[in-house]
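J.: My questions will all concern the structure given below.
The values are calculated or read from the model by the stated rules, or taken from the named source; none is laboratory data. Model, not experiment: these values are computed from the prediction. Note that each Cβ is placed from the backbone with ideal geometry, even for glycine, and that neighbours are counted across all protein chains shown.
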Amino acid sequence: MRGLLMKSSPSIFKGWQQRWVELKDRKLSYFKDQKAKFPSGVLNFEHFMCSVSTSKKDSCCFSLRLAGNDRLFEFKAPSPESRDEWVKELQFHISISQGYLNQKMSDNHRKPWRFDTISESQFKMQADTGDILLFRGSQAGSMVTRTLTGSHFDHVAMVLKFENDPDEVYLVEATGNMGVSLNRWLFLRDHIGKGKFYRKVVFRHINFDRGDKMVESLEQFLSEAVGLKYGIGAQKLIKQ
């Protein structure tokens, strides 16, 4: 569900502002306008329990609140009927979310709506062949790579999805000890998090034609690349 809504600004000087709002995969995102590439705020119901309520004073208004947070997100639809549709959809998305089912609180997180994060189940649902994951490692070698490349990340992997195993995500990556290899996300996920090998991972969906020609080219690339030794070292990076 998506459309234009008015949103009440937390600033008393700005009042109501028009925003493009999208509700998808148990997540509400609002944008400055329809052309904006990145959201101004995100309420991900997978991460935190959220409640929705309607206004008694205005039949077009409804509000959202994260459990454990005082911030109130107020929206105004163009009509009472439109408001009821939004509320109905919001209640459905909230009711099937992990935030609601597990009673997750947001009191230990500062402004969680400022970061567009997704849960593992959302990632596995959205990921498609050709998408990429960017990793930020916690090891000394990772920091050296970031310094030499001037990047915020030090490792990248390409996503693969197979029709005969639709619930699993596979990754093609190149590492110093394994070379170019094909691994399950299930294997890599245990190495991500605070105090682990990778402390941060970012998912990037790539828009391109995923037709038969792309599949054939990708299959040829994998047959030639998987198994090759890792060919980039500090000396090559310095020369470049």
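J.: I'd like to know if the stretch 101-112 contains one or more residues that are surrounded by fewer than 15 Cβ atoms within 10 Å (Cβ to Cβ) and of a type in the set (Lys, Arg).
T.: Yes, the stretch 101-112 contains a residue that is surrounded by fewer than 15 Cβ atoms within 10 Å (Cβ to Cβ) and of a type in the set (Lys, Arg).
J.: Okay, next question. Please indicate, with yes or no, whether at least one residue in the stretch 45-61 is at pLDDT 95 or above and in contact with a Pro (Cβ under 8 Å, 6 or more places away or on another chain).
T.: Within the stretch 45-61 (the criterion being at pLDDT 95 or above and in contact with a Pro (Cβ under 8 Å, 6 or more places away or on another chain)), the answer is yes, since at least one residue qualifies.
J.: Further question: Find the residue count for the stretch 118-143, including only residues that are of a type in the set (A, V, I, L, M), at pLDDT 90 or above and surrounded by 14 or more Cβ atoms within 10 Å (Cβ to Cβ).
T.: 4
J.: Exactly one of these conditions fails for SER95: (1) among the small types (Gly, Ala, Ser); (2) in contact with a Leu (Cβ under 9 Å, 6 or more places away or on another chain); (3) surrounded by 12 or more Cβ atoms within 10 Å (Cβ to Cβ); (4) within 26 Å of ALA127 (Cα to Cα). Give me its number.
T.: Of everything listed in (1) among the small types (Gly, Ala, Ser); (2) in contact with a Leu (Cβ under 9 Å, 6 or more places away or on another chain); (3) surrounded by 12 or more Cβ atoms within 10 Å (Cβ to Cβ); (4) within 26 Å of ALA127 (Cα to Cα), SER95 misses just condition (3).
J.: Next up: What residue, among those in the stretch 1-41 that are acidic (Asp, Glu) and at negative phi, is surrounded by the most Cβ atoms within 10 Å (Cβ to Cβ)?
T.: GLU22
J.: Here's a follow-up. What helices (runs of 4 or more DSSP H) lie completely within the stretch 37-153 and have 2 or more residues being among the polar types (S, T, N, Q), under 30 Å from TYR170 (Cα atoms) and free of Cβ contacts under 8 Å to residues at least 60 places away in the same chain?
T.: 140-149
J.: Let me ask something else about it. Can you tell me which of (1) over 23 Å from GLU224 (Cβ atoms); (2) surrounded by 12 or more Cβ atoms within 10 Å (Cβ to Cβ) is the one ASP167 doesn't meet?
T.: (2)
To keep it simple, each residue is scored yes or no on (1) modelled with pLDDT of 95 or more; (2) within 20 Å of GLY15 (Cβ to Cβ).
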site	(1), (2)
GLY68	no, no
PHE75	yes, yes
TRP86	yes, no
PHE92	yes, no
SER95	yes, no
GLY99	no, no
LYS111	no, no
ARG114	no, no
